[in-house]
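The values are calculated or read from the model by the stated rules, or taken from the named source; none is laboratory data. Remember, predicted model here, so these are calculated numbers, not experimental data. Neighbour counts run over all protein chains shown; Cβ positions are idealised from the backbone, glycine included.
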């Protein structure tokens, strides 16, 4: 691959083990594809309008559809200029890309998660524009029709870096952002509650602890990795069970 700032790599799980298909988001270049396990790479930008796209995150739906999030190039509060971010979709393994309409008043997409059971259910993390009192247009948005329409489901934090789905339960989602907070939803993104105990700036991504469903990891920009409980009630339930069990016996 050409020397580049690779921001994300995605492996197509349907590709054969002896010829893995890989995609790389390259900041300022676009999307690279390899069909031989990374031995050779080809830039695949047909349909992407930006000359030097800030390709940031990649996602793949269960039906194989690819998405790339192109980051905003500036903090300009205006919408509709060359500095806007974008989302593109490919239905033919990155051979061609088509634009996906962003939510109204959004020009700073950051991350895209896709329900593993429903390929048209999309969750978008967005960064607010530098306008208004607290910034405009950020938060988490939900689409149930593959990005044709969107509605905002979290606006209490308008600077969200990423949204992720719990691999053990697709109804549970996590998000983190700049506003000293991390968030959790247990109803497929319809409502969100703040995770107690996480009060650090520049939260980046939430990853569920694979060994303990009651805990998570949160990566940060420059602040290390935070590990803690999803909610205080986890400890309370465990304590109540420990007390009640001897009585039941």
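On the given criteria, is residue 19 more than 25 Å from residue 142 (Cα to Cα) and over 15 Å from the mean Cα position of the chain (by Cα)? Yes, satisfied.
If you go through region 98-149 and keep only what is at pLDDT below 95 and at positive phi, you end up with 105, 132, 135, 137. How about region 89-109: which of its residues are surrounded by 23 or more Cβ atoms within 10 Å (Cβ to Cβ) and within 18 Å of residue 162 (Cα to Cα)? Of everything in region 89-109, those that are surrounded by 23 or more Cβ atoms within 10 Å (Cβ to Cβ) and within 18 Å of residue 162 (Cα to Cα) turn out to be 106, 107, 108, 109.
State whether one or more residues within region 118-135 are surrounded by fewer than 19 Cβ atoms within 10 Å (Cβ to Cβ), more than 15 Å from residue 59 (Cβ to Cβ), in contact with a strand residue (DSSP E or B) (Cβ under 6 Å, 6 or more places away or on another chain) and touching a residue at least 40 places away in the same chain (Cβ under 8 Å). No, region 118-135 contains no residue that is surrounded by fewer than 19 Cβ atoms within 10 Å (Cβ to Cβ), more than 15 Å from residue 59 (Cβ to Cβ), in contact with a strand residue (DSSP E or B) (Cβ under 6 Å, 6 or more places away or on another chain) and touching a residue at least 40 places away in the same chain (Cβ under 8 Å).
Only one entry in 84, 36 is over 21 Å from residue 140 (Cβ atoms), in a loop (DSSP other than H, G, I, E, B) and without any contact (Cβ under 8 Å) to a residue 40 or more places away in the chain, namely 36.
Inspect region 48-63 for any residue being surrounded by 15 or more Cβ atoms within 10 Å (Cβ to Cβ), without any contact (Cβ under 8 Å) to a residue 24 or more places away in the chain and not in a strand (DSSP E or B) and give the result as yes or no. Within region 48-63, not a single residue is surrounded by 15 or more Cβ atoms within 10 Å (Cβ to Cβ), without any contact (Cβ under 8 Å) to a residue 24 or more places away in the chain and not in a strand (DSSP E or B).
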